[in-house]
Amino acid sequence: MPHRILLVCLGNICRSPMAEGVLRRMAEEAGLDDALIIDSAGTGDWHVGHPPDQRALAAISKRGIDISDLRARQVGPEDFARFDLLLAMDRDNRADLLDMAPTPEDARKVRLFLDFAPETGVAEVPDPYYGGRQGFETVLDLIEAASRGLLDHIGEKIRRTG
Ligand code: 4NP
């Protein structure tokens, strides 16, 4: 059972690259990295080719993760064939992905990332771009919770199906 996961936000310079870094690290720690393909992309094209935002790099490096080699790219309809799950950071991102989905089956691959962290009581990872530095800490806390929930879900599925 392939688990190809695309994390999607607006610019692909703040939330989704941080989610890519955190999920990758936690997958390694859980021994699930061989079972997963993880990538990120943005619905917008303003930052294509750019590294993550300085504030994102600073916040995630405090948690021991380096994502400075990532470069922003835009999500496209072809990503629905490449990935099993497209996880949106907020409802706007989800709506854009649903508009882009080539088939109804593809649309079923789209979920909110925080669906995997119901205990937070939060549905959306807030856009930190125009906020202060504290916004990035909140975003990282939510990303860690959703990553833990997602990896639990995948680990469970692998144990059941072998
Ligand atoms: P992200 O944050 O979607 O978490 O990468 C943003 C980055 C850039 C912009 C908005 C949000 N922007 O408007 O350029």
Review point. Within region 72-121, how many residues turn out to be hydroxyl-bearing (S, T, Y) and within 24 Å of H153 (Cα to Cα)?
Key: 1
Check your understanding: List pairs: first in region 119-131 and touching a residue at least 40 places away in the same chain (Cβ under 8 Å), second more than 8 Å from the ligand (Cβ to nearest atom) and not in a loop (DSSP other than H, G, I, E, B), Cβ under 7 Å, 6+ apart or cross-chain?
Key -> V125/F113; V125/L114; V125/L142; V125/I143; P128/G135; P128/F136
Check your understanding: For residues in region 104-140 being out of contact with any helix residue (DSSP H, G or I) (no Cβ under 8 Å at 6 or more places or on another chain) and farther than 21 Å from V75 by Cα, which is nearest to the ligand (Cβ to nearest atom)?
Key -> Y130
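Of G149, G132, G121, which residue is open to solvent by less than 60 Å² (accessible area, probe 1.4 Å), more than 15 Å from the chain's Cα centre (by Cα) and not hydroxyl-bearing (S, T, Y)? Let's see the steps before the verdict.
Numbers: G149 fails: more than 15 Å from the chain's Cα centre (by Cα); G121 fails: open to solvent by less than 60 Å² (accessible area, probe 1.4 Å).
Just a single option satisfies the conditions, and that option is G132.
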Review point. For region 34-54, does any single residue satisfy the condition of being touching a residue at least 40 places away in the same chain (Cβ under 8 Å) and charged (D, E, K, R)?
Key: yes
Review point. In the set D127, D69, D106, which member is of a type in the set (D, E, K, R) and open to solvent by less than 40 Å² (accessible area, probe 1.4 Å)?
Key: D106
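The values are calculated or read from the model by the stated rules, or taken from the named source; none is laboratory data. What you see is a predicted model; the values in this text were computed from it and never measured. Cβ sites come from the backbone with ideal geometry, for glycine too, and all protein chains shown count toward neighbours. Quick note on the areas: whole protein, heavy atoms, side chains included, nothing else; ligands and nucleic acids left out. Shrake-Rupley method; radii C 1.70, N 1.55, O 1.52, S 1.80 Å.
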